[in-house]
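Q: This is the structure I want to talk about, given as structure tokens.
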Amino acid sequence: MKTSPLSPYQNRVIIIYLVALIGCMVFAQSIHQLDFIAAWQNPDEKLTVGIFQFFSDSVSYFSFGIPVLITAWLEYQPDTNKRENRMSFLYIVLAIAIAGLISYLVKKTFTEPRPYEVDSRIIQLSVGGGYSLPSGHTTEAFASTMAVTLLTRAWKISAAMFCWASLVAISRIYLGVHYPFDIFVGMFIGSSVAFLFYRYVFLNYFVSRSEVK
């Protein structure tokens, strides 16, 4: 696990990514989102529905499971700083929890109904409790993905995690429980919380205290 500050280049890349997500939010608001979902959905394609349902249901297994596997593997490596390794895992858990709390508060604030609740053309193909904005699944997936990316800085792991998180996000649209706008907001909350928590809390308190002890 990497517990060193990001380089200026890495910081710029992440900031550009977050700004791009804001641009995607603006774009999503400019399109007819209900028409898009209704035209895309096809409940008769059982395979497609099943695949998207798999990715939708995988969120908690992967968002926590992948960090657990990485932490467990590193725990048994002879050159691993075990305290930093465990602090890194705690950071991932807290980043997901804080992002989830913010997502919950936003849901309660805006009380946006889900697509299938306002348009009879859209069929609910997955569970979706509570309000629509933002996507809690997407928030969790991208908080975990960003946290793992910042800690590993291995492009193969990052690419795999971002592909998985993106499929989780897309699945929530296809399954009729979220608007595209909800997805981009969830991506932004999850990614930004993990990034800011890593930069301003994890490095300054978790790692620095670990080094002192």
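The values are calculated or read from the model by the stated rules, or taken from the named source; none is laboratory data. Just so it is clear, the model here is predicted, and its values are computed rather than measured. Neighbour counts run over all protein chains shown; Cβ positions are idealised from the backbone, glycine included.
Q: Test each condition in (1) without any contact (Cβ under 8 Å) to a residue 60 or more places away in the chain; (2) assigned to a helix (DSSP H, G or I) for residue 66 and report the one that comes out false.
A: Here residue 66 meets the rest and fails (1).
Q: Report the residue count in the range 128-157 for those that are over 21 Å from residue 49 (Cα atoms), among the small types (Gly, Ala, Ser) and modelled with pLDDT under 95. Spell out the reasoning first.
A: Quick first cut of the range 128-157, residues over 21 Å from residue 49 (Cα atoms) only: 130-131, 133-134, 139-140, 142-157.
Restricting the remaining residues to those that are among the small types (Gly, Ala, Ser) gives 130, 143-144, 147, 154.
Going one step further and asking which of them are modelled with pLDDT under 95, we end up with 130, 154.
So the answer is 2.
Q: Continuing with the same structure: Before we move on, is residue 133 part of a helix (DSSP H, G or I) and either touching a residue at least 40 places away in the same chain (Cβ under 8 Å) or of a type outside the set (D, E, K, R) (or both)?
A: Working: part of a helix (DSSP H, G or I): no; either touching a residue at least 40 places away in the same chain (Cβ under 8 Å) or of a type outside the set (D, E, K, R) (or both): yes.
It is false that residue 133 is part of a helix (DSSP H, G or I) and either touching a residue at least 40 places away in the same chain (Cβ under 8 Å) or of a type outside the set (D, E, K, R) (or both).
Q: Considering every residue within the range 45-53, establish whether at least one is in contact (Cβ under 8 Å) with a residue 60 or more places away in the chain, surrounded by 12 or more Cβ atoms within 10 Å (Cβ to Cβ) and either at positive phi or out of contact with any Leu (no Cβ under 9 Å at 6 or more places or on another chain) (or both).
A: Yes.
Q: For residue 191, are the conditions met, namely being buried (at least 18 other Cβ atoms within 10 Å of the Cβ) and not aliphatic (A, V, I, L, M)?
A: Here the answer is yes, as residue 191 does meet what is asked.
Q: While we're here: Given the structure, is residue 152 over 15 Å from residue 56 (Cα atoms), in contact (Cβ under 8 Å) with a residue 24 or more places away in the chain and among the polar types (S, T, N, Q)? Steps first, answer last, please.
A: Numbers: over 15 Å from residue 56 (Cα atoms): yes; in contact (Cβ under 8 Å) with a residue 24 or more places away in the chain: yes; among the polar types (S, T, N, Q): yes.
Spelling it out, residue 152 is indeed over 15 Å from residue 56 (Cα atoms), in contact (Cβ under 8 Å) with a residue 24 or more places away in the chain and among the polar types (S, T, N, Q).
Q: Another one. Could we say that residue 162 is at pLDDT 95 or above, under 19 Å from residue 20 (Cβ atoms), of a type in the set (A, V, I, L, M, F, W, C) and more than 11 Å from the chain's Cα centre (by Cα) here? Break it down stepwise before answering.
A: Working: at pLDDT 95 or above: yes; under 19 Å from residue 20 (Cβ atoms): yes; of a type in the set (A, V, I, L, M, F, W, C): yes; more than 11 Å from the chain's Cα centre (by Cα): no.
For residue 162, the condition - at pLDDT 95 or above, under 19 Å from residue 20 (Cβ atoms), of a type in the set (A, V, I, L, M, F, W, C) and more than 11 Å from the chain's Cα centre (by Cα) - is not met.
Q: Right, another one. Name the residue, out of 101, 6, that is of a type outside the set (Val, Ile, Thr), modelled with pLDDT of 95 or more and either farther than 29 Å from residue 124 by Cβ or in a helix (DSSP H, G or I) (or both). Give the derivation first.
A: Numbers: 6 fails: modelled with pLDDT of 95 or more.
Sole residue among the options that is of a type outside the set (Val, Ile, Thr), modelled with pLDDT of 95 or more and either farther than 29 Å from residue 124 by Cβ or in a helix (DSSP H, G or I) (or both): 101.
Q: For residue 182, work out the one condition from (1) at pLDDT below 95; (2) crowded, with 16+ Cβ neighbours inside 10 Å it doesn't fulfil.
A: (1)
Q: Can we say residue 82 is touching a residue at least 12 places away in the same chain (Cβ under 8 Å), touching a helix residue (DSSP H, G or I) at 6+ places or on another chain (Cβ under 9 Å), charged (D, E, K, R) and surrounded by fewer than 17 Cβ atoms within 10 Å (Cβ to Cβ)?
A: Judged against the criteria, residue 82 is not a match.
Residues checked against (1) among the small types (Gly, Ala, Ser); (2) closer than 24 Å to residue 201 by Cα; (3) at pLDDT 95 or above:
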residue	(1), (2), (3)
19	no, yes, yes
24	no, no, yes
29	no, no, yes
39	yes, no, yes
47	no, no, yes
51	no, no, yes
55	no, no, yes
71	no, yes, no
76	no, no, no
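Q: Just the residues that are surrounded by fewer than 16 Cβ atoms within 10 Å (Cβ to Cβ) and assigned to a loop (DSSP other than H, G, I, E, B), please, taken from the range 33-44. Step through it out loud before you land on a result.
A: The initial filter retains those residues of the range 33-44 that are surrounded by fewer than 16 Cβ atoms within 10 Å (Cβ to Cβ), namely 34-36, 39-40, 42-44.
Across the range 33-44, the qualifying residues are 42, 43, 44.
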